[in-house]
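See structure below.
Readers should treat all values here as calculations from the given coordinates under stated rules, not as data from a laboratory. Model, not experiment: these values are computed from the prediction. As a convention, Cβ positions derive from the backbone with ideal geometry for all residues, glycine included, and neighbour counts pool all protein chains shown.
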Amino acid sequence: MGNQAEAAALDEAPKIEKEADIPEGWEPNIIAFACHYCAFAAADLAGVMRLSYPPNVKVIRLPCTGKLDEYYVLRAFVRGVDGVFVAG
Amino acid sequence: MDMSPDTPDQTTKRGSVLIVGGGIGGMQAGLDLADSGFKVHMVQRDSSIGGTMVMLDKTFPTGDCSMCMISPKMVDLGRHMNVDIHTLATVTGVEGVPGDFTVKIRQEARYVDPELCTGCGICEEKCPKKVTSEYEQGLTVRKAIFSLFPQALPNTRVIDRDNCIYFKKGKCRACEKFCPSKAIRFEDTPKEFEIRVGAIILGPGLDRYNPRVRQELGFERWPNVVTSIQFERILSASGPYKGEVKRPGDGKHPKRVAWIQCVGSRDSHNANPWCSSVCCMYATKQAIIAKEHDSRIEPTIFYMEMRAFGKDFDKYVSRAKEEFGVTYRRAMVSAVREEPGTGNLLLRYAREDGILKDESFDLVVLSIGFQPHADARDFAEIFGIEPNAYGFAKTTQFNPVETSRPGVYVTGIYQGPKDIPETVMQGSAVAGRAMALLGEARGTEVAEKTLPPEKDVKDEEPRIGLFVCHCGINISQTVDVKKVAQEGASLPNVVHSEDLLYACAQDSQEKIKTLVKEKNLNRVVVASCTPRTHEPLFQETIRDAGLNKYLFELADIREQCSWCHMGQREVATEKAMDIVKMNVAKAKRLEPVASGSVGVTPAALIIGGGIAGMVTALSLADQGYHAHIVEKEARLGGLLKDLHRTLDQSDVQAYLKETVAKVDAHPHVTAHTGTQVQKTDGFVGNFKTLLTNGETLEHGAIVIATGGVEYEPSEYLFGQNDRVMTQRTLEKRLAAGGPGIGGRYVMIQCVGSREEPYNYCSRVCCQDAIKNAIAIKEKAPEAQVTILYRDIRTYGLREDYYKKARDLGVLFVLYKEDRKPVVEETGDGLRVRAFDYLLGKEIAFRADHVVLSTGLRPHPTAAKVGEMYKLTRNPEGYFLEAHVKLRPVDFPSEGIFVTGLAHAPKNLDETISQALAAAGRAGVLLSHERLAVSGIISKHDRDLCMSCLTCFRVCPFGSPFIDEDGKVSHNEVKCVGCGICASVCPMKAFQVNNFRDDQIVAMIDALTESAS
């Protein structure tokens, strides 16, 4: 591919979305994927100790973080989740 | 011969075992025994099981969280059908014979009915009386009705009668008023009862030295002097300061922190003469963890000798120095004084060159040692066993877990100071001994449950029952439980929804069972607490109602919702709804999972015919299984063939001869000598091994006991001058006796150990040197013996012999790695030059003999064996166990165990303990006629699979394999259900039961319904 063609291809590349301003009071919606044996247990311990954290994170239990499929992460983002937290 | 059962001299053995002590040693023994068909009675003095380990924050050398490791074991034990736990209980009398003991037990009143109590904890919240917390080591308070710690088992609270306002003043009863289950019983009284058991295991654990005795160290006088166990609580994220490193005096963050070692240990004047074995390592761990919590901390450890003798311990100390900047100062602290007004502490100590120095620290931690319980002697008397001079249970080198009374075994620190893995090993070892004693009575006292047939729900539309729990007020004070139940009713496929005060209580369980039948429910979702503790309970409930237990889903709205979002009712309720939604979405896609089983060949293959292999084989054979020993040499015995005496002068050769004779005579042991393993096929319970001599063996378990070899030195003129020899050669000469024992000996320690590339302690050489030094001095008192050492590591009760050697006049001279001694030939002998740190100059010794204390290496065959069974070894070549703390003889691969020097260097008594442990663990496996295969495993679809071998490469357990047709198959017996294969498989030919992709995606979708 010549330089010109390359430049043209670059011109046609889709524009990267501009970062939107974060509205005041906005809270991200977060999904956590946690290993049954460690991170899920840690989330339980946080509760036992009555540690407080924002409620906008929900935990999906996996048998091991090795079970995490990229697809889960992509699916979560496609479905509008703002953040994915993998812990294990 | 009259064989009628009432022959007077014939006793019927009982299939039950009493375990005294609910620490980690007793727990391990309990689980091993209960899992192999014995009834277990556990008697524990405290209101909860757990012992000392539950107080620890992290464990060395891996830094694993202590509670996270032990609490699943506690839950297993608490739920086990074959285990009865008697807390607040002590044994008051024992009668009978091995195989049939009658035990009297006294159980103190708990004042709370465990049948009714749900463990909700409201009583504790409402109790107005605050009491100093024993568990938190006095750093904070608890209530008069309390549980020892949050994860206590049983979780029934207990009333501390001495501090209860009602018991003292006749008024209050707040707990009773607020208890929703009406479980408080002020009228409760102590109970006395008898049980009959076949064997007794003692694991009463330890007391800690009280440092008040050492007044010069200022404990309880200066508030910023704490004990090591207090510091564990300070470090703990669930402790009084939530893991923030603060000093108790003023809450300030300390910068300069000092540890003082050997407080209460190695001191026959004010304390205990023995070494407590663990303090050097826990101080190192605490220094590292403190630094991890707060990088500004500058730790200094004052020590006499760094006893990092265990597997990978020296490397841990090196890391502490190099990566964490921990300063180790070889000095004894003579006084601790507070600097007025600052709360800081001034430590006085003598520097290595003898000059006194005062140094200021912000916080001082006293590394306190272990001792037997104050009532250890009475305890020994009750059980009719002999204590040793210090009050520990008396055992011998060759029978390290047997007390003086047959049928009564000992595990853990009551046998002598030791760390967690050694305690766990002894736990499995005593279990193995009890199994051997009671073999034929296995299964006679355990309960078996009959279950209704499972209903076939395959073709039914999902009909979900949803139960939302208030947990007293634990959930409902934050989450609107009724609203969650109401909204949940409208979720797809939910046909019944209601709220329950306590979902886990007996009445709720019955209700769930009834509703499953009445409303024809085929999936159940409970929204309450964590699946980690409560899922098995509910699974059992629905199984009782005729549903496959995997048709259950638990939504965690307590630990992960109500408890974390207190005071935020609206958002917490919304989150609870989201959690319920995603679990219902998953439940809709749940399918019954068949738990299969495979047969087990009741035999074991033991690779290595040294003492570890032979002891394992004999113990397994005594348990009733066949043991095949494979030894590549013509004679059994391994390294022990060259050992004559132990440190306490027990006769090793006689013991070896006796053991070999037992192996030869035992009908269930076959020794295959002069041969090796060619290959092994199969999996746990069903292995098939071909030997190089053509024999084929079938067996259910494999024990790796490949042993070790002695390091062949090249340094210090070894091989060049006949006067330079190893300890082994010296020992042989001493055993042969004869003239010429006298003369001048210089022994050099750590030859081939504790330096790169072999930076580990060989553990046996200090004792070897001291043993031989004592033998020389006893035979020829005029002989001169000098030991050049780096740290004398006579840990535990071995310390006595270090003292004995010094008393006999053996000289001990320190050398350091960077200034090693030099051995030179002189006209009539040898000269050894070394640097004396006290004098600050070089000194020289004339020597007739230089004796090298050479280290140990793993046996060269370990590499091949490791490769054959896909077992990992550490960089030095020792096999890596499944978990360094709690699974010290298991491998991650099911059905394979490790013991002896193959695992790490260790002394003979420790090898015997570990061999018995391997036999205990293998015995648990072999005791099953069939082995249940877990339901949560990866399922392989051969139609989708294209045999790309990705799974084959990533599976840590070796369960995918290349089948006879050249394509991948999956061995479900080996699978643990981690799902790594499922995530990497490009064809998605693997799916984990209950964690299938469609189930996880359904959860994601349910959570994002409103967002998309």
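Of B:39/B:455; B:455/B:511; B:129/B:177; B:482/B:588; A:18/B:988, which sit over 24 Å apart, Cα to Cα?
B:39/B:455; A:18/B:988
Rounded to the nearest 5, what % of DSSP beta bridges with both residues in the protein assembly as shown are antiparallel?
45 percent
Counting DSSP beta bridges in the range B:607-673, what percent are antiparallel, to the nearest 5?
10 percent
Starting from the Cα gyration tensor of the range B:880-1012, take the square roots of the eigenvalues, sort them a ≥ b ≥ c, and report rounded, prolate or oblate (rounded when a/c is under 1.5, otherwise prolate if a/b is larger than b/c, else oblate).
Verdict is prolate for the range B:880-1012.
How high is the relative contact order of the range A:25-87? Use alpha-carbon pairs under 8 Å, at least six apart in sequence, and give a whole percent.
Relative contact order of the range A:25-87: 55 percent.
Rounded to the nearest 0.05, what FRET efficiency do residue B:828 and residue B:720 have when you use their Cβ-Cβ distance and R0 = 22 Å?
That pair, residue B:828 with residue B:720, gives E of 0.85.
Among the trypsin sites (Lys or Arg not before Pro) in the range B:879-968, which ones are in a DSSP loop with at most 16 other Cβ atoms within 10 Å of the Cβ? Mind listing them?
Here the sparse-neighbourhood loop sites are B:942, B:967.
Among bridges DSSP assigns within chain B, what percent are antiparallel (round to 5)?
DSSP beta bridges in chain B are roughly 50 percent antiparallel.
Evaluate the charge dipole of the range B:638-728 about its Cα centre and quote only its size in Debye, nearest 20, assuming +1 on the Cβ of each Lys and Arg and -1 on the Cβ of each Asp and Glu.
100 debye
Taking the dipole about the Cα centre of chain B, with the C-beta of Lys and Arg at +1 and of Asp and Glu at -1, give me whichever of B:829, B:599, B:932 is farthest to the positive side.
Value: B:829.
About the Cα centre of the range B:523-630, what is the dipole size in debye to 20, counting +1 per Lys and Arg Cβ and -1 per Asp and Glu Cβ, all else neutral?
Its charge dipole is roughly 300 debye.
Select from B:71, B:858, B:343 the residue farthest towards the positive end of the dipole of chain B; place +1 on Cβ of Lys and Arg, -1 on Cβ of Asp and Glu, and compute about the Cα centre.
So the residue we want is B:343.
Taking amide H positions as placed 1.01 Å from N in the peptide plane, with prolines and chain starts having none, which residues 5 or more places from residue B:671, or on another chain, fall under 5 Å of its amide H?
B:629
Return B:423, B:646, B:118 ranked ascending by Cβ neighbour count within 10 Å, so the fewest neighbours appear first.
Ascending Cβ contact count within 10 Å gives the list B:646, B:118, B:423.
Listing B:274, A:26, B:259, B:563 from the residue with the fewest other Cβ atoms within 10 Å to the one with the most, what is the order?
So the ranking, lowest neighbour count to highest, is A:26, B:563, B:274, B:259.
Tell me, in nm to one decimal, what length is gained between residue B:483 and residue B:934 on full extension, where the rule is 0.36 nm per residue of separation less the Cα-Cα distance?
158.7 nm
Can you find, among B:536, B:621, B:426, the residue sitting farthest towards the positive end of the charge dipole of chain B, where Lys and Arg contribute +1 and Asp and Glu -1 at Cβ?
It is B:426, whose Cα lies furthest towards the positive end.
Can you list which of the GluC sites (Glu not before Pro) found in the range B:877-935 are DSSP loop residues with at most 13 other C-beta atoms within 10 Å?
In loop regions of the range B:877-935 (DSSP not H, G, I, E or B), the sparsely surrounded GluC sites (Glu not before Pro) are B:929.
Measuring from label point to label point, each 7 Å out along Cα→Cβ, what is the residue B:351 to residue B:295 span in nm?
Between residue B:351 and residue B:295, the label points sit 3.1 nm apart.
Assuming a ≥ b ≥ c are the square roots of the Cα gyration tensor eigenvalues, decide whether the range B:132-226 counts as rounded (a/c under 1.5), prolate (otherwise, with a/b larger than b/c) or oblate.
Oblate, because a/c is 1.5 or more while a/b does not exceed b/c.
What does the helix-only formula give at 222 nm for chain B: each DSSP H stretch with n ≥ 4 adding -39500 (n - 2.57), the total divided by the residues, and the result rounded to the nearest 500 deg cm²/dmol?
My calculation for chain B gives -8000 deg cm²/dmol from helical runs alone.
Would you work out the charge dipole size for chain B about its Cα centre, treating the Cβ of every Lys and Arg as +1 and the Cβ of every Asp and Glu as -1, and quote it to the nearest 20 debye?
1960 debye
When you look at the Cβ of every residue in B:976-987, what mean number of other chain Cβ atoms sits within 10 Å?
Per residue, the average neighbour count from other chains is 4.
Would you list the P(r) distribution for chain B, with all Cα-Cα distances sorted into 20 Å bins from 0 and each bin expressed as a whole %?
For chain B, the pair-distance distribution reads 12, 39, 37, 11, 1, 0.
Please sort through the DSSP H helices of chain B and keep those with an alpha-carbon extent of at least 30 Å along the long axis and a Kyte-Doolittle average not below -1.0.
Result, helices passing both filters: zero.
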